[in-house]
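Here the structure is laid out as structure tokens; the discussion comes afterwards.
The values are calculated or read from the model by the stated rules, or taken from the named source; none is laboratory data. Worth saying up front: this structure is predicted, and the values here are computed from it rather than measured. Quick reminder, even Gly has a Cβ in these numbers, built from the backbone with ideal geometry, and neighbours come from all protein chains shown. Note: areas computed on protein heavy atoms with side chains; ligands, DNA, RNA excluded. Shrake-Rupley method; radii C 1.70, N 1.55, O 1.52, S 1.80 Å.
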Amino acid sequence: MVTPTSIETGIVASESGELDLRLDPGDMLVGTFTGKKIASRVTVRCDGRHWATVPVTNVEGLVRFTCQLPPVIDPAETTVEVWGSSEEACFARFTVPPRAPIVNQFGLKARDVLAVHSLPFQATPWLSFDGARLVISGEHLPPAGDPGALRVIFGPGVAYEFQYPLPSISFGKQFWYWPNAHHSSFMVVIDLPACTPGSDPFSFTFAYDNGNPLDLDGRQVGDILGRRVFVPTRLDAGIGLPRDGSQLTRVQTWSNDQSVTFTSHCAFKAIESLLGRYGVANRDGVSVLDWGCGHGRVTRHFVQQWNAARVCGTDIDDETIAWCREYLGGEFRTTPFLPPTPFSEGSFDGIFGISVMTHLSAEVQAAWLDEIGRLLKPEGVALITFGGSRSVAWSSFFRGPDFWRHWTAMGFDDRLIDPALAGKIADGTYDRHTVQTQDYTRRAWSKHLNVVDIIPDFIGNLDVAVLCRRA
């Protein structure tokens, strides 16, 4: 075992031939094993408490691990222990001197961002299929900073392998404030021939096994729909996507055929499930509206699978609506920048809007909330997403302390123009980057509709408000 010692940036803490340690910038603990065979994972404890379990990698004979230490709350020494797979296998025990807070390039503190973002974000945009095995890949932040705490849950009889954590350069950069974000990539390999007949290998849920370091608890885990992944079971889900590349990437510039098919199906299943909680389902006489449908990435699934219902879509973008009319079926209409829409009062049992309020000013939001209330049937329900605390945390890579103080005080910000639709719509100032807190949303939106519930991280990093008409 390594003799207790202190560790400073760039200084080797042990020369025992077993484990060399250094602390890199960003509180990144790097351990290199020499002359010793060890387990595939090590556990790091800080001040006597479990902190994180991280993988040990062997690349060209270099056996090492990396683990970002807990974010600084108060300047104080930190006692760190590195353990192997057994209670007796303590490889090192040492003291880290007081550390400065982690900040981004503009001086924003990581702790300030973590204060509004405790639910780990996940993105699952990729899948492949070789005729027997489904491979699903994406990224999931380590729950409360601990990669060892994440698992996936399938129903009984599913044969699968969960590979996590894998290195993630993109999350490590974008989520600069989240401990061990560089350990975020995952793969789920589903062996369909090995699954039990009658099992469901096409959906799974992320689950978290820890609770203390970042105050993650059951209340903050969020609705299960925000942690469930749905794999498309029909090949026609991807038939007939736009061939003009600018259509697929009109707002989400990273989109391609595969990601559009997979992520839109997941969004459809989440919306379908939530609509079902409020009695809106695929049956005669039911009507649903995709408000802000774009090229119909989600509407297409309703058109394909809700064959008994009336399915409609609307958008301010003439070009995408023209494409939907020609290729998707259903009922699509262009809407103006401000209400009213061409639909009659009380037309819809269900209305959903994905990432529309994220682009509207406060005044325009208010006008559209009134219009949504007009369009809903008396017992109808609207599911409207907005950019909440997780969304603003995601954007913190580009933010500074001045913005953070403004947003924290106001609970709302719509000052930044979004250039994604520049040249595609007439008003170059209409499209915004809008973020808002749940408290603001309840307070402002309840002036127009009843806010029945708010579910965090419902689709990606977007929260969803469940709304109904006021009596």
Scan the chain and hand back the longest stretch that contains none of the trypsin sites (Lys or Arg not before Pro) lying in DSSP loops with at most 11 other Cβ atoms within 10 Å. 38-233
According to the square roots a ≥ b ≥ c of the eigenvalues of the Cα gyration tensor, what is the shape class of the stretch 320-379, taking rounded for a/c under 1.5, prolate for a/b larger than b/c otherwise, and oblate for the remainder? oblate
Could you tell me how many cubic angstrom of Cα convex hull volume the stretch 55-182 has per residue? 181 Å³
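With the cut-off at 1.5 for a/c, could you classify the stretch 251-347 from its C-alpha gyration tensor as rounded, prolate or oblate? Each step should come with its number before you reach the end.
On the way: a/c = 1.68, a/b = 1.06, b/c = 1.58.
Oblate.
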Mind giving me the nanometre distance, one decimal, between the label points for Cys90 and Arg415, set 7 Å out from Cα along Cα→Cβ? 5.1 nm
Along the charge dipole of the stretch 27-128, pointing to its positive end and built from +1/-1 on Cβ of Lys, Arg, Asp and Glu, which listed residue (Thr43, Cys90, Leu62) has its Cα farthest out? Leu62
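Roughly how big is the stretch 324-382's charge dipole about its Cα centre, with Cβ charges of +1 (Lys, Arg) and -1 (Asp, Glu), in debye to the nearest 20?
On the way: 4 positive and 8 negative charges, 22 e Å.
Taking the Cα centre of the stretch 324-382 as origin, the dipole is about 100 debye.
Suppose every K and R has +1 on its Cβ and every D and E has -1 on its Cβ; what is the size of the dipole of the stretch 95-154 about the Cα centre, in Debye to the nearest 20? List each step's numbers first, then the result.
Numbers: 5 positive and 4 negative charges, 36 e Å.
Rounded to the nearest 20 debye, it is 180 debye.
Pull out the extension gain between Met187 and Asp453, defined as 0.36 nm times the separation in residues minus the alpha carbon to alpha carbon distance; nm, one decimal. List each step's numbers first, then the result.
Values: separation 266, 0.36 × 266 = 95.76 nm, distance 3.25 nm.
Full extension from Met187 to Asp453 adds 92.5 nm.
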Could you tell me the center-to-center distance, by alpha carbons, between the stretch 173-209 and the stretch 377-412 in angstrom? 27 Å
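Relative to the present Cα-Cα distance, how much length would full extension add between Phe398 and Ala159 at 0.36 nm per residue of separation?
Details: separation 239, 0.36 × 239 = 86.04 nm, distance 4.16 nm.
Full-extension gain reported as 81.9 nm.
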How big is the Cα convex hull of the stretch 42-94 in projection, averaged over all directions, in nm²? 4.2 nm²
With every protein chain left in place and a probe of 1.4 Å, what is the accessible surface of Glu139, to the nearest 10 Å²? 40 Å²
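Would you kindly state how much longer the chain becomes between Leu62 and Arg234 on full extension, computed as 0.36 nm times their sequence separation minus their alpha carbon distance, in nm to one decimal? Show your work: numbers first, answer last.
Numbers: separation 172, 0.36 × 172 = 61.92 nm, distance 4.44 nm.
Taking 0.36 nm per residue and subtracting the Cα distance, the gain is 57.5 nm.
Go ahead and run the numbers for FRET between Arg41 and His406, Cβ-Cβ distance against an R0 of 35 Å, rounding to 0.05. List each step's numbers first, then the result.
Details: r = 42 Å, r/R0 = 1.21.
My answer for the efficiency is 0.25.
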I need the calculated FRET efficiency for the pair Asn307 and Arg333, taking r as the beta carbon distance and R₀ as 22 Å, to the nearest 0.05. 0.60
Once you put a point 7 Å from the Cα of Ala207 and another 7 Å from the Cα of Ala132, both along the Cβ direction, what distance in nm separates them? 2.9 nm
Normalise the Cα radius of gyration of the stretch 289-339 by 2.2 N^0.38 Å (N = residues in it) and let me know the number. 1.03
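Assign unit charges at the C-beta atoms only (+1 for Lys and Arg, -1 for Asp and Glu), then state the dipole size of the chain relative to its Cα centre in Debye, rounded to the nearest 20. List each step's numbers first, then the result.
Numbers: 41 positive and 52 negative charges, 81 e Å.
So the dipole magnitude of the chain works out to roughly 380 debye.
Mind running the shape call on the stretch 296-416? Use the C-alpha gyration tensor, a ≥ b ≥ c as the square roots of the eigenvalues: rounded below 1.5 for a/c, prolate if a/b tops b/c, oblate otherwise. Could you put the intermediate results ahead of the total?
Working: a/c = 2.24, a/b = 1.85, b/c = 1.21.
The shape class here is prolate.
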What figure in square angstrom, to the nearest 10, would you give for the accessible area of Trp126 with a 1.4 Å probe? 90 Å²
